[in-house]
Amino acid sequence: MILFLALTFVGIAISALCAFAIFWPLALVHLRDRHPALRGELGEAAFVTPAAWNWLLRRRYRAAADRNLDGLATPARVSLLITFAALACAGLLWLLSLLVP
């Protein structure tokens, strides 16, 4: 049962990663088109850069005061948080399955 729950968390992480793969590029394109100064903070290859993910997780996109950007970046932020949390839960449950006979 523990491994089933761990696999369920892996499935949740995959679905959240898919949502992140949809919303984060849309937010980056919006930044490129409407807020080039903020986009410049992220540097090149912002899609996979941990510094850009840190920028997203710290909600620094709110400095633009753009509701459209908030509408794209907030789901990307939530899905990234869910991905990390689900993978952490799956890992903990896997470790627990090793300890429990």
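Tabulated values for the structure
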{"read-out": "Most to least packed among 44-50, 34-40 [average Cβ atoms within 10 Å]", "value": "34-40, 44-50"}
{"read-out": "Using θ = phi - 60° and Karplus 6.51 cos²θ - 1.76 cosθ + 1.60, couplings along the range 57-64 (whole Hz; Gly, Pro as x)", "value": "5, 7, 6, 6, 5, 5, 5, 6"}
{"read-out": "Accessible area in square angstrom per residue, the chain, 1.4 angstrom probe", "value": "63 Å²"}
{"read-out": "The range 24-64 - percent of accessible surface contributed by carbon and sulfur, probe 1.4 Å", "value": "54 percent"}
{"read-out": "The chain, relative contact order [Cα under 8 Å, separation at least 6], %", "value": "51 percent"}
{"read-out": "Helix 2-34 axis, angle to the chain major axis (alpha carbon atoms, nearest 10°)", "value": "0 degrees"}
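The values are calculated or read from the model by the stated rules, or taken from the named source; none is laboratory data. Keep in mind the model is a prediction, meaning the values are calculated, not measured. Every residue, glycine among them, receives a Cβ derived from its backbone with ideal geometry; neighbour counts consider all protein chains shown. For accessibility, only protein heavy atoms count, side chains too; no ligands or nucleic acids. Shrake-Rupley method; radii C 1.70, N 1.55, O 1.52, S 1.80 Å.
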